[in-house]
Amino acid sequence: MLVAPSLLSADFLNLGKEVETICATTCDYLHIDVMDGHFVPNLTIGPLVVEKIAKIATKPLDIHLMTRNSEFFVKLFAPLKPAFLSVHIEEVCHLDRLIEEIKSQGIKAGVVLNPHTSLENLRYILPKIDLVLLMSVNPGFGGQKFIPYTLQKLRDLRILRDELNPQCLIEIDGGISAQNIVLLKENGADMVVAGSYIFGAKDYYEAVESLRI
Ligand code: DX5
Ligand code: ZN
């Protein structure tokens, strides 16, 4: 299982230290949540701060855009050269074009689905993308409870992914801890995002390790 700690739950007054500490664990990516106060009812950080994080991070960035006007935000964040840049399917009208734009810059392209969003619209774009990010909470905040019905969605997505693009990773985000990691693995997740579970732990290293099953 690949593990991407979400910096949303880090101590922002000591962000540099937090980035160093989390990068010293066995995590695979740093998950960065970009919120615009429109697509979701919260605001986080912009490219100025993410650029500083990228400078000291020794793990590649996994940027999750929770924004209206994703085309604009892709232009802001692509120059930071994250490993993955993901946009919400509910928000983008010309998704094929935007995926092409992300990939043309050598960045892996991801598509994110809110918990209730049907997998149906993924069918034609799936062969072209590198990652599907399934939200297992309503986006906007850390520390929420895992929504149980997203487990069935994960199973359905795995079947679709195996049929259409076996290379594409399935990532799941929200309410993830050592308590549900085995279930997520069994049901098809390749990569998990965890914020409050990891940054709420005394020992980040141990917390990351407990998810790497
Ligand atoms: C929520 C974000 C998540 C968040 C997860 O909108 O996309 O990445 O940080 O937090 P936890 O792991 O606490 O549910
Ligand atoms: Zn996220």
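Annotations
- Residues of the range 79-113 satisfying the condition of being among the small types (Gly, Ala, Ser) and away from ligand 1 (no atom under 16 Å from the Cβ): 104, 106, 109
- Considering residues of the range 112-121 that are out of contact with any helix residue (DSSP H, G or I) (no Cβ under 7 Å at 6 or more places or on another chain) and among the hydrophobic types (A, V, I, L, M, F, W, C) only, the residue farthest from residue 85 (Cα to Cα): 113
- Entry remark, the range 157-169: residues being open to solvent by 50 Å² or more (accessible area, probe 1.4 Å) and part of a loop (DSSP other than H, G, I, E, B) number 2 in total.
- Every residue from the range 125-156 that is among the polar types (S, T, N, Q), surrounded by fewer than 17 Cβ atoms within 10 Å (Cβ to Cβ) and within 16 Å of ligand 1 (Cβ to nearest atom): 138, 144
- Filter result (more than 16 Å from the chain's Cα centre (by Cα) and either in a helix (DSSP H, G or I) or within 16 Å of ligand 2 (Cβ to nearest atom) (or both)) within the range 127-156: 127, 128, 145, 147, 151, 152, 153, 155, 156
- Going through (1) open to solvent by 20 Å² or more (accessible area, probe 1.4 Å); (2) closer than 23 Å to residue 206 by Cβ; (3) within 16 Å of ligand 1 (Cβ to nearest atom) one by one, residue 10 falls short only on (1).
The values are calculated or read from the model by the stated rules, or taken from the named source; none is laboratory data. No experiment lies behind these values; they were computed from the predicted model shown. Heads up, the Cβs are rebuilt from the backbone with ideal geometry, glycines too, and the neighbour counts pull from every protein chain shown. Please note that ligands, DNA and RNA were not included when accessible areas were found on the heavy atoms of the full protein model with its side chains. Shrake-Rupley method; radii C 1.70, N 1.55, O 1.52, S 1.80 Å.
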